[in-house]
1. Using the structure shown, decide if residue 290 is open to solvent by 70 Å² or more (accessible area, probe 1.4 Å) and either in contact with a Gly (Cβ under 8 Å, 6 or more places away or on another chain) or not hydroxyl-bearing (Ser, Thr, Tyr) (or both).
2. Give segment 293-326 a look and list any residue that's among the β-branched types (Val, Ile, Thr), touching a residue at least 40 places away in the same chain (Cβ under 8 Å) and surrounded by fewer than 18 Cβ atoms within 10 Å (Cβ to Cβ), or say none.
3. Grab the helices (runs of 4 or more DSSP H) fully contained in segment 301-386, keeping just those with 1 or more residues being acidic (Asp, Glu) and more than 33 Å from the chain's Cα centre (by Cα).
4. Just for segment 332-348: of the residues that are in contact with a helix residue (DSSP H, G or I) (Cβ under 7 Å, 6 or more places away or on another chain) and open to solvent by less than 30 Å² (accessible area, probe 1.4 Å), which one is nearest to residue 259 (Cα to Cα)?
5. Here are the criteria: (1) part of a loop (DSSP other than H, G, I, E, B); (2) of a type in the set (Val, Ile, Thr); (3) in contact with a strand residue (DSSP E or B) (Cβ under 7 Å, 6 or more places away or on another chain). Tell me which single one residue 273 does not satisfy.
6. Does segment 447-459 contain at least one residue that is open to solvent by less than 40 Å² (accessible area, probe 1.4 Å), touching a residue at least 40 places away in the same chain (Cβ under 8 Å) and within 14 Å of residue 45 (Cβ to Cβ)?
7. Looking at this structure, is residue 459 among the hydroxyl-bearing types (Ser, Thr, Tyr) and in contact with a Leu (Cβ under 6 Å, 6 or more places away or on another chain)?
8. Among 428, 422, which is the only one that is in a helix (DSSP H, G or I), touching a strand residue (DSSP E or B) at 6+ places or on another chain (Cβ under 8 Å) and polar (S, T, N, Q)?
Amino acid sequence: MTMSSFVGIILLLIAVEIPGSFQHDRGHSKFRGPQVSQTAGTPWPMPLSYHTQATFTYVDAGEFKFTDVDESSSCSILEEAYNRYFPLIFGRRPETLFFKSSFKAPTDAMTELMVKLEKPCKDTDYPMLESDESYTLDVNGNQAMLSASEIWGVLRGLETFSQIVYQSNDGGFVVNNTQIVDKPRFNHRGMLLDTSRHFISVPILMTNLDAMAQNKFNVFHWHIVDDPSFPYQSEKFPKITNMGAYDPETHVYTQTDIKNIIEYARMRGIRVVPEFDSPGHTSSWGYGQPDLLTKCYTGSQPNGQFGPVNPVPNSTYVFLKSFFTEIAQLFPDHYMHLGGDEVSFACWQSNPEITSFMKKMGYTSYSQIEEYYMQNLLNIVGGLGKGYQIWQEVIDNGAKVRADTVVEVWKAGWEAEMEKVTKLGYKTLLSTCWYLNYISYGSDWMAYYGCEPFNFNGTDAQKQLIQGGETCMWGEYVDGTNVISRLWPRASAVGERLWSAKEINSAFLAQSRLTEHRCRMVRRGFQAEPITGPGFCREEFGGV
C-alpha cells in the first residue's frame, strides 16, 4: 500500500467516525423517523483503499440491474449472485424499508452496475487458496463499474457494493461517489464450526454461510465429527453413523446434505474443508468399527475402555484408506483437516500390543507412535491427491511430518508457537485468539480485533508462511438456537483483521462502523447480537 492510500483511509475513518464531520444532508431531511447514521453506507471489512465523497446519487430500485460488460464471461455463479444481491441491496423484507409512499427516484438516478470480469468463469469453478479475490469499484455520479480478474473478486465486490448503497431519510436509496481498490490481506479466512457436540441443522449452516460471505470469510472448516457423535453419513461404513450419531435418522448429514452445503458455499466463494480428527477424539468411531480404537488395560487385562485409534494393525490403515477415499471423492477442496490434537498417551501406554510394537520399532517415546500414525495417514491422504492441515500438537510432540503440511496454532503462547512452526518451514494458520465459544460480558470483540497474526519474532520469510487464520466455535454450549447470535457480529471483528490492511487496527475507530454493520446484518435477517451498551438499530430484528 502506498502512503497516500494509507493516509486516505485514515482520513476517511476520521470523517465517518466523528459525528457531524461527514458533510452530507443525512441529518437535514423533513423525514421525522429515525435518522440515517453517520456511518451508513460504510463497508465492512474496510477495503485496502477506500475514498468516498459527500456527493451522492439516487439508485432506482425499480429499474436497477446488473450488466455484464462481456456476456461471454458470465456463468451461473455470477447469475445467481445477481439474484442474491438485489434483495440484499434493496430489502429482503418490507418491514426493513422506510419507503415514503410519495417517493420516486429522479430521472438521473443510477439504474445499473456494470460488471467487468476479465477471466471468464465456468459453472463448475471452485475457489482455491490461490484464488484472486481482488476487485475495483468505481461509483461516479450515476455510473458504477465493478472490475475483477476472477469471479471470486466479483463476489467480494458485489458484497461491498451492496453495503455502500443505503436508504436515505426521504426513503430513496443512495450511494456516494466512491473509489475502491481492494484485495484480502490473507488468502485463508476461515471459520470452524463443531457439529458433533451439538448438531446444527443444514438450514442454520446455510444461514451462517450467508453471514460468512457478507463478512468476506472464504473457508468453512467443518469439524463434522468428534467424540460425542458421528453425524457424517458414510456410504462405505454405515455402521459408524448408525451407532455413532445421536440419532441416525434426524441428527446426521447425508451425502446429499453435504453436497448441497458444498454447493451453497461454492456459490458464495467459500471453500469447505472437512475435519475428521484422529487418532484422538474418535470415541464415536469405535461403536460401529470394531478393533479400530485401542483397548485400554488395567494390569494385564482390558478394562472395557478405549483410547485413540490403534496405530499398530494393518487393518487400521486399510480402513483409513477406504474411508478417506470416500471423503476425497465427496469434498472437492484440495485440503482436508486431519486433526491430531489432544492425543492422550495413557491408553497406549497400558496396551501390551503397543508396548511390544514400540520395542520392535526401537521407539523411546509415545510421540513416535503418534508420528508413525500421522505419517501413515498423511501418506494415504497425499496419495489421494489432497493436501492436509493438522493441529499444532503433532509438531509439539516432536513428530516430523511432510513439508507441505499446514499447521494450525490454537494454544496459548501462540507467538512462540508461530515462531517455532514457521522456523521449521511449515505453512501456518492462527486460531488461538479467535475462539468465539468463550464469551464474556461486554465488548469482547475488541480483544479479537486486537490480535495481530504477525506479532511474533520471525523473519519476513517466516511470516510469508502465514496463510491466514480461523475463528472457532466449538459446540459444547452451542446449537441451532444460539450459534448465529453467538458468532455474529463478534466474528466480523476477525473478518476485518484477516481481510483489511495491518494498519487498520483501532477498535476505537472501528466501533461505530461495526455497530453499523451489525445493524445491516439485523436488517438482512441475522440474529446478530449488540456489540455495545444501550443503543438501537433503525430496523430491529422482527423474528424468524
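The values are calculated or read from the model by the stated rules, or taken from the named source; none is laboratory data. Here the structure is a predicted model, which means the values were calculated and not measured. Don't worry about glycine lacking a Cβ; one is built from the backbone with ideal geometry, like all the others, and counts go over all protein chains shown. Calculation scope for accessible area: heavy atoms of the full protein, side chains included, ligands and nucleic acids excluded. Shrake-Rupley method; radii C 1.70, N 1.55, O 1.52, S 1.80 Å.
1. Judged against the criteria, residue 290 is a match.
2. 298, 325
3. 352-361
4. Checking each candidate, the answer is 336.
5. So residue 273 meets the others, but not (1).
6. Yes, some residue in segment 447-459 is open to solvent by less than 40 Å² (accessible area, probe 1.4 Å), touching a residue at least 40 places away in the same chain (Cβ under 8 Å) and within 14 Å of residue 45 (Cβ to Cβ).
7. no
8. After ruling out the rest, the residue left standing is 422.
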